[in-house]
1. For B:Ile5 paired with A:His23, estimate the spin-label separation in nm (one decimal), with each label point 7 Å from Cα along the Cα-to-Cβ line.
2. Applying the Karplus parametrisation 6.51 cos²θ - 1.76 cosθ + 1.60 with θ = phi - 60° to the phi angles of the range A:79-92, what ³J(HN,Hα) value in whole Hz is obtained for each residue in order, glycine and proline being reported as x?
3. Using modelled amide H (1.01 Å from N, peptide plane; none on Pro or chain starts), what sits under 5 Å from the amide H of B:Phe123, excluding residues fewer than 5 places away?
4. Applying 1/(1 + (r/R0)^6) with R0 = 45 Å to the Cβ-Cβ distance of A:Ser221 and B:Gln20, what FRET efficiency is obtained, to the nearest 0.05?
5. Residue by residue through the range B:92-97, what is 3J(HN,Hα) from phi via Karplus (6.51 cos²θ - 1.76 cosθ + 1.60, θ = phi - 60°)? Round to whole Hz and write x for glycine and proline.
6. Share of antiparallel DSSP beta bridges in the range A:147-271, in percent to the nearest 5?
7. Add +1 for every Lys or Arg and -1 for every Asp or Glu among the other residues with Cβ under 11 Å from the Cβ of B:Ala140, and state the total.
8. Pop out the carbon and sulfur fraction of the accessible area of the protein assembly as shown as a percent, whole number, probe 1.4 Å.
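The values are calculated or read from the model by the stated rules, or taken from the named source; none is laboratory data. Since we're looking at a predicted model, the values are computed, not measured. For neighbour counting, all protein chains shown are included, and Cβ atoms are generated from backbone atoms with ideal geometry for every residue, glycine included. Side chains are part of the model used for accessible areas, which takes the heavy atoms of the whole protein and leaves out ligands, DNA and RNA. Shrake-Rupley method; radii C 1.70, N 1.55, O 1.52, S 1.80 Å.
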Amino acid sequence: MREINTSQITAAIRDLCIKANTHLGEDVLAAFHKAIELEVSPTGKDILEKLVENARIAQEKGIPICQDTGFAVVFVELGQEVHLVGGDLKEAINEGVRQGYQEGYLRKSVCHPFTRKNTGDNTPAVIHIDVVPGDRIRLIVAPKGGGSENMSRVTMLTPAVGIQGVKDFVVQRIKESGANPCPPTIVGVGIGGTFETAALLAKRALLRPLGSQNPNAELASLEAELYEKINALGIGPQGLGGRITSLAVHVAMMESHIASLPVAVNVQCHAARHKEMVI
Amino acid sequence: MSDAIRLTPPLSDEDVEGLQAGDRVLISGTIYTGRDAAHKRLIDLIHSGEPLPIEIKGQIIYYVGPSPAKPGMAVGAAGPTTSYRMDAYAPELIRLGLKGMIGKGARGQAVKNAMVKHKAIYFAAIGGAGALMAQAIKKAELVAYEDLGPEAIRRLEVEEFPVIVVNDVQGNDLYEEGIKEYAI
């Protein structure tokens, strides 16, 4: 067993919250540059260039890329040979979020669903823990903004509609979302499992680096087709018209129940923020 | 692209009548922040016949909840939030003389009708470009509802704050026109 003190996890989460919100990934920047080349709308091109500029300012000044610094979604891959000492894991993560959002001048966006009273420190975080082989911990912080999350949906399709039904649902969702989720977006699609698995698959699909190939040929082909269909909608950057509505479509799939065909679409705005660390 | 039009609130009917969907505009001077919770409070005050904490006649409301300012800065990141959540409240404020709204995303028909009837404009700022937009904000001052944190109403002094006209007083909608032009 390898001992890890949870204070190390708090420090890591604090740093990841700040870094994720101020440093846009190289893969996203590369996708912006590719989009600038492909975009035919002058307004769209201008917006994409401003997004590159925005990322540069955020990194240089250490301020958030977007004012909506999100709900702190934390993925933990916990090695089964790790022995955690020093306190409760979830509390250590929440403390890291608390410190990161305070010290990093990040916006606190978490509130009571009915009274809308803000919790004041952006906790609780949304925490997903997986136990995996090994003696390390991998932590991923993926702050998720409300604008794009609000456009996300889960549906339970009738199996008879098949793959065409899945395609129609995804494209229709992006069409109806219009300018709301801050296009150009990244579209995470989760297929199969149960109701909640589909949503989690869609969210995890968003973590895959942009420009990477889906190892499953069937899904890679589905991604390519959805990308074409979505970018034919004409929504464009910020919904003001153009060819680049989405930078990428990422699909993840698992087996489903004989009665079910669950599908989830998790829409990610262009501020596709996530950072990770291995302890 | 054509040159940007320069505007300084308060805006008159004539100011907004000269704007067309697709126009690029640079706003300088005073604008106010307001989003979900602040709008609800403003409408509650109107319904109970009480005065509002700001004079909204001729003004522009920016749908934004900035991130906290670092020392030496007026605000943190300050890009627009999605506007449809304010649709339930906007027509009442437009009727009372609000001339402009800045946000992102399409508006409902009732808001569009109110903009045509009472002459008001809906502008889009670049969603998610919060660090860039903040560079045009020179000063931020709390006006009301401090308890709402990022949702409090603030008076912003802006210089050449860049926006695009989405809905004009003729009833045009840049989102609809843009899709028509580029859909394959």
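1. In this crude label model, B:Ile5 to A:His23 measures out at 4.4 nm.
2. Taking θ as phi minus 60°, the curve returns x, 6, 9, 8, 10, 7, 10, x, x, 5, 4, 5, 5, 4 Hz for the range A:79-92.
3. The answer is B:Met101, B:Ile102, B:Gly103, B:Val166.
4. Values: r = 43 Å, r/R0 = 0.97.
The computed FRET efficiency comes out at 0.55.
5. Result, ordered by residue: 4, 5, 5, 4, 7, x Hz.
6. Details: 11 of 19 bridges.
Counting DSSP beta bridges with both partners in the range A:147-271, the antiparallel share is about 60 percent.
7. Working: positive: B:Lys138, B:Lys139, B:Arg154, B:Arg155; negative: B:Glu141, B:Glu157.
For residues surrounding B:Ala140, the net value is +2.
8. Values: 9940 of 18960 Å².
So the carbon and sulfur contribution to the accessible surface is 52 percent.
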